[in-house]
1. Treat the count of other C-beta atoms within 10 Å as a stand-in for reagent exposure and order L93, L107 from fewest to most.
2. For E52 and R87 in one chain, what is 0.36 nm times their gap in residues minus the Cα-Cα distance, to one decimal in nm?
3. What distance in nm separates the two pseudo spin-label positions at T104 and R44, each 7 Å out from Cα along the beta-carbon direction?
4. Report, by chain and number, residues whose modeled amide H sits under 5 Å from the one on L107, excluding near sequence neighbours (fewer than 5 apart, same chain).
5. Which semi-axis lengths, in whole Å and largest first, follow from the square roots of five times the eigenvalues of the Cα gyration tensor of the range 70-123?
Amino acid sequence: MHRIPACLGVFALALATTPSRGAERVSIRVSPTVALAPAQLTIRTTIEPSDENRVLSVSLLSDDYSTRSDVQLEGRNAARLSVLQVRDVPSGLYEVRAVLLGATGPLASTTQLVKIQPAPGGR
């Protein structure tokens, strides 16, 4: 009987992290989405080319840990793909957020949830 709530939890996490397909200005894909601590996460962010693009801000947030990386963009000439690796991520439920900024403020944003489980024998 304990498997049903666990399966429902994994299904809900999968739904929350499934990227939608469509004309998005920014999209994000984090792997792995479930891992053991300390984890290494790879965050791939794709942006649509635009002269308005100035900064791509990628953050990893939980109750006990956070980190952020900002990438300067050169408008339409910026690389479409940005890859960020974050090492030694402790256990917790994380929101990974990518925000595409223009000269006047945010242009688009997207998020993905990631679960880092405590290592066996760890805290």
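Just so it is clear, none of the values below were taken in a lab; they were calculated from the coordinates. Note that the structure is a prediction, hence the values are computed from the model and not measured. Note: ideal-geometry Cβ built from the backbone for every residue, glycine included; neighbour counts use all protein chains shown.
1. L93, L107
2. Extra length from E52 to R87 when fully extended: 9.5 nm.
3. So the label points at T104 and R44 sit 3.3 nm apart.
4. Counting only residues 5 or more places away or on other chains, the set is L100, L101, G102.
5. Equivalent ellipsoid semi-axes, largest first: 32, 13, 8 Å.
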